[in-house]
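Student: Supplied in structure tokens, the structure appears directly below.
The values are calculated or read from the model by the stated rules, or taken from the named source; none is laboratory data. Worth saying up front: this structure is predicted, and the values here are computed from it rather than measured. Please note: Cβ atoms are built from the backbone with ideal geometry, for glycine as well, and neighbour counts cover all protein chains shown. Note: accessible area is taken over every heavy atom of the protein model, side chains too, but ligands, DNA and RNA are not part of it. Shrake-Rupley method; radii C 1.70, N 1.55, O 1.52, S 1.80 Å.
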Amino acid sequence: INRSLSCSEAKAKAIHTEFIRFIEGYVPTERGTEFKELLEKTLKDTYEFEIGEAEKFDADVPIELRNNKLIEPFDGIVKTYSLPRYYEKDPTPQLMPWFMIFFGLMLGDFGYGLIMFIGTTLMLKLFNLKKSLAMNIKFFQILSIPTMISGLIFGSFFGGLIQIPGLFDPTKNYMLMLIISVVIGVVNILCGLALGAAKAVRNGDPMAALYDFGFWYMILIGLGLYGLASPLSLSATVEKAGAVIAIVGAIGVVLFSARENKGFGRYTWGLYNLYGVTSYIGDIVSYTRIAALMLSGAYIGYSGNLICGMLVKGGPAGIVGGVLVVIFFHLFNMFLSGLSGYVHSMRLIYVEFFGKYYEGGGVPFIGLEPEATYIELK
């Protein structure tokens, strides 16, 4: 709920005469019985009441996100973009794991994740916070987990200040990090297309799942098999199968992607839509920002450690200076990398992921309950 309606605003929205007042509005389904009982208690027999299910495709039906305690902190990502329409699924459960993966890899340091976890946990335990602020802190508490996991994978603890074993070092094997970023991107895009196909089926148009999403699946998977056959030393059969799958998908896009048009223009627009495969290439390349941001943060941390090592050789004063430098560098790097990870993770969700299936444009549910300023009543 973004804000509350005042009584004067509510009255202004009602149709009334000297003898009768007509009010129309929305109430959450699970509170319908409670609302009816309240009317009976307050108005006795001086009213007529009618309630029914909202129209599925009515753009005016207000939206209120409802998620469990683990997913709820990620509601703000959806609200910042746009609320779903009434006929759409809440995308928060789908975006949550992807946002965690993106952010965790971009920050990618066990020490930074540990500081985030300890700091956010202490704030939640020691302070009586407003729900909105508590949700934001809980949001970063959850993100600290994939950050620590990534740090363990990379063997990064304050940029190498504390040596720990890892699966691989991205600063030495940056090509592997780039490949991992691209693979994550491809899987993320394919998941977005799958969600789009599921949405089409749910809305009663199963053929759109094939025409608008299935053919693109064939193109992307076919091109992937064709392009990777030689580098991965796969058989010629796999390479040919990839080419055939991609061609069939391309023909399907040309024939059916612009099916709302009539005549020859249908196929002209189909060819134009097929040209959109270049945007998919751009989308996939966009995921290399995961590797770029991870590496930039790693090198800043390494630079701070290097300067600290040089200073501590200068005696007591150098030790003090080295400690101050390493603290400043890592706090600055954690803030900068965390901010970059947050912004660029949102960018990948909003453009590459949501762009494949999510429409949005819903209006928020605005209740008549007063919004607390100094206290909160539960």
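Student: What's the Cα-based Rg to Rh of the chain, Rh via Kirkwood? It would help to have the intermediate numbers written out before the result.
Tutor: Details: Rg = 27.0 Å, Rh = 25.0 Å.
Using only Cα positions, Rg/Rh for the chain is 1.08.
Student: Going through the cross-link list K56/K199; K36/K56; K36/K79, which pairs have a Cα-Cα distance over 21 Å in this structure?
Tutor: Values: K56/K199 13 Å; K36/K56 23 Å; K36/K79 30 Å.
The answer is K36/K56; K36/K79.
Student: Once ligands and nucleic acids are excluded and a 1.4 Å probe is used, how much of I162 is accessible, expressed in Å² to the nearest 10?
Tutor: 80
Student: Using θ = phi - 60° and the Karplus form 6.51 cos²θ - 1.76 cosθ + 1.60, what ³J(HN,Hα) does each residue of region 55-70 get, whole Hz, x for Gly and Pro?
Tutor: Residue by residue, region 55-70 yields 5, 4, 9, 6, 5, 8, 5, x, 10, 10, 6, 10, 9, 6, 5, 6 Hz.
Student: Can you tally the net charge around A229? Count Lys and Arg as +1, Asp and Glu as -1, for every other residue whose Cβ sits under 13 Å from the Cβ of A229. The partial results should precede the final answer.
Tutor: Working: positive: K240; negative: E239.
Here the charged neighbours net out to 0.
Student: Whole-Hz Karplus ³J(HN,Hα) for region 213-222, in order, using 6.51 cos²θ - 1.76 cosθ + 1.60 and θ = phi - 60°, x for Gly and Pro?
Tutor: Residue by residue, region 213-222 yields 10, x, 5, 5, 4, 4, 5, 5, 5, x Hz.
Student: I need to check one value: relative contact order of the chain, counting alpha carbon pairs closer than 8 Å and at least 6 residues apart, in percent. Could the numbers behind the result be given before it?
Tutor: Values: 450 pairs, mean separation 93.2, N = 378.
Relative contact order here is 25 percent.
Student: Farthest toward the dipole's positive end in the chain, which of M346, G166, G252, given Cβ charges of +1 (Lys, Arg) and -1 (Asp, Glu) about the Cα centre?
Tutor: With unit charges placed on the Cβ atoms, the residue in question is G166.
Student: Calculate the length of the line joining the C-alpha centroid of region 216-282 to that of region 105-164, in whole Å.
Tutor: 42
Student: On to the next question. Under 18 Å Cα to Cα from K262, which aspartates and glutamates show up? Leave out anything in the same chain fewer than 8 places away.
Tutor: K262 reaches D212.
Student: Just reorder E50, E369 by solvent-accessible area, largest first, 1.4 Å probe, all chains present.
Tutor: Values: E50 175, E369 90 Å².
Descending order: E50, E369.
Student: Just for the Cα atoms in region 285-378, what are the lengths along the principal axes, largest first, rounded to whole Å?
Tutor: If we take the Cα atoms of region 285-378, the spans are 67, 46, 14 Å.
Student: How much net charge surrounds F154 when only the other residues with a Cβ under 15 Å from the Cβ of F154 are counted, with Lys and Arg +1 and Asp and Glu -1?
Tutor: Values: positive: K172; negative: D109, D169.
Once positives and negatives cancel, what remains is -1.
Student: HN-Hα J couplings of region 31-37 from phi, Karplus 6.51/-1.76/1.60, θ = phi - 60°, integer Hz, Gly and Pro as x?
Tutor: In residue order, the calculated couplings are 10, x, 5, 4, 5, 5, 5 Hz.
Student: What is the local net charge at E88, summed over the other residues whose Cβ is closer than 13 Å to its Cβ (Lys, Arg +1; Asp, Glu -1)? Let's see the in-between values first.
Tutor: Working: positive: K56, R85, K89, K199, R202; negative: D58, D90, E359.
So the environment of E88 carries a net charge of +2.
Student: Moving on to the next point. Taking all protein chains in place and a 1.4 Å probe, what share, in percent, of the accessible surface of the chain do carbon and sulfur account for?
Tutor: Summing carbon and sulfur atoms, their accessible area is 67 percent of the total for the chain.
Student: Return the long-range amide H neighbours of F158 (sequence gap of 5 or more, or a different chain), with a cut-off of under 5 Å between placed amide H atoms.
Tutor: Result for F158 returns F110, G111, Y112.
Student: Something else about it: So how long is each side of region 19-133 along the principal axes, counting just the alpha-carbon atoms, biggest first, in Å?
Tutor: Computed over region 19-133, the largest-to-smallest principal extents equal 68, 36, 20 Å.
Student: Quick one: which residues, 5 or more positions from G362 or on another chain, have an amide H under 5 Å from its amide H? H modelled 1.01 Å from N in the peptide plane, none for Pro or chain starts.
Tutor: Hits under the 5 Å cutoff: L83, R85.
Student: So, one more: Over region 18-115, calculate the relative contact order: mean separation of alpha carbon pairs under 8 Å at least 6 apart, over the residue count, as a percent.
Tutor: Answer for region 18-115 is 21 percent.
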